[in-house]
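Since the structure comes first, as structure tokens, the remarks are kept for the end.
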Amino acid sequence: MPAIAALDEGTAPPDARHRKIIHIDMDAFYASVEQRDNPELRGRPVAVGGMKERGVVAAASYEARRFGVRSAMASVIARRKCPELIFVKPRFDVYRAVSGQIRAIFAEYTPLVEPLSLDEAYLDVTENLRAIPTATAIAEEIRARIRAETGLTASAGVSYNKFLAKMASDERKPDGLFVITPKMGPSFVAALPVGKFHGIGPATCSKMEALGIRNGQDLRAQSLAFLEQHFGKAGAYYHALARGVDERPVCPDRIRKSIGAETTFEVDLFTIDEARTALAPLITKVWEYCERLTLRGRTVTLKARYADFQQVTRSRTGEMSLTTRDAIESIAFELLESLFPVDRGLRLLGVTLSSLAPRSAGEYQLRLPIQDV
């Protein structure tokens, strides 16, 4: 398959929607920012995260990835795989600022930008603000501008729907561009292992393989009824993906379903005072994020993991949105108290706010009984 080809609507099969979608994915974003800002880190294996007993790698440079270091990997395992690994403390304010620069570039080409995180986004450029004829040319121009204005590299995927654009952006990483035209789409999907399908996680992948479904071609051979029988409502989605079909629009106003924060402790917690102290900054982080996005939520969920790795959640929902940090904290602390006393110790706590909506004049509502989730 060619690395670059113009996405030409004229090659689309009759049932194609003639959209031009770009998926931009920054290359090892956090680690690349650190290497950009500190010349001593360039060309060396870098992990953004903490080198503590229970630290976790937030991002790894490509030099570190060659040793098998990956994001979400325990820091002790990462160091074992790469003894020369350099750990750098995260600077999320810097990452957010750079992300803002990149999104400003996107906005010059289309208002239809759907950010997925600080380092990736979908762009619908079917009709673009600069009247550039092909999505490929737009993707090339955006990548060049990101490099010139931020000193960082980005990979891009171009296709006629979100699923294939996402898959394409993985094909030439780092610092690459790949295009899946409508004509190429079905054969690309047919050869793709189901474990590489965006949206199919390890558990679903294992279930599919147990049913003899190992790639897109195997998936396409299954009837809609079969897939719905084994995968419920997701069956229709998998049935469409196997045919290279993804009707989801790029949604610039997409509202998050939840906002959460969690942390793993170096030493297990056994007292309610220790737990409250540890939970408070997480509540602050969630509230500050809500403030930035002008969102409010009705449901507070507490997540706790014990020393033996057993995990529990507790949740409470009000009829109206919670409008202050103290209101969230009050509920979170009551949910926390329902777990005590503990005899196994807590190794992780997290808090999530969900049932989100734009900020309004809603007042804090009387709380409802605790529910196990």
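The values are calculated or read from the model by the stated rules, or taken from the named source; none is laboratory data. All values derive from a computational prediction rather than experimental measurement. Cβ coordinates were reconstructed from backbone atoms using ideal geometry, including for glycine residues, and neighbour counts include every protein chain displayed.
General remarks:
- Residues of segment 316-357 classified as in a helix (DSSP H, G or I) and out of contact with any Phe, Trp or Tyr (no Cβ under 7 Å at 6 or more places or on another chain), total: 10
- Among the residues making up segment 286-315, those that are part of a helix (DSSP H, G or I) and surrounded by fewer than 17 Cβ atoms within 10 Å (Cβ to Cβ) are 288, 289, 291, 292, 293.
- Among the candidates 67, 106, residue that is touching a helix residue (DSSP H, G or I) at 6+ places or on another chain (Cβ under 6 Å), outside the structural domain of residue 285 (by TED's automatic domain parsing), at pLDDT 90 or above and among the hydrophobic types (A, V, I, L, M, F, W, C): 67
- Residues satisfying the criterion are present in segment 230-251 (criterion: part of a loop (DSSP other than H, G, I, E, B), in contact with a Phe, Trp or Tyr (Cβ under 6 Å, 6 or more places away or on another chain), closer than 18 Å to residue 164 by Cα and not assigned by TED's automatic domain parsing to the domain that holds residue 135).
- Flag if residue 52 is under 25 Å from residue 263 (Cα atoms), at pLDDT 90 or above and of a type outside the set (A, V, I, L, M): no
- Screening segment 227-267 for residues that are exposed (fewer than 15 other Cβ atoms within 10 Å of the Cβ) and touching a Lys or Arg at 6+ places or on another chain (Cβ under 6 Å) and picking the one that is nearest to residue 350 (Cα to Cα) gives 266.
- Candidates are the residues of segment 55-88 that are within 22 Å of the chain's Cα centre (by Cα) and of a type outside the set (A, V, I, L, M, F, W, C); the one that is farthest from residue 263 (Cα to Cα) is 62.
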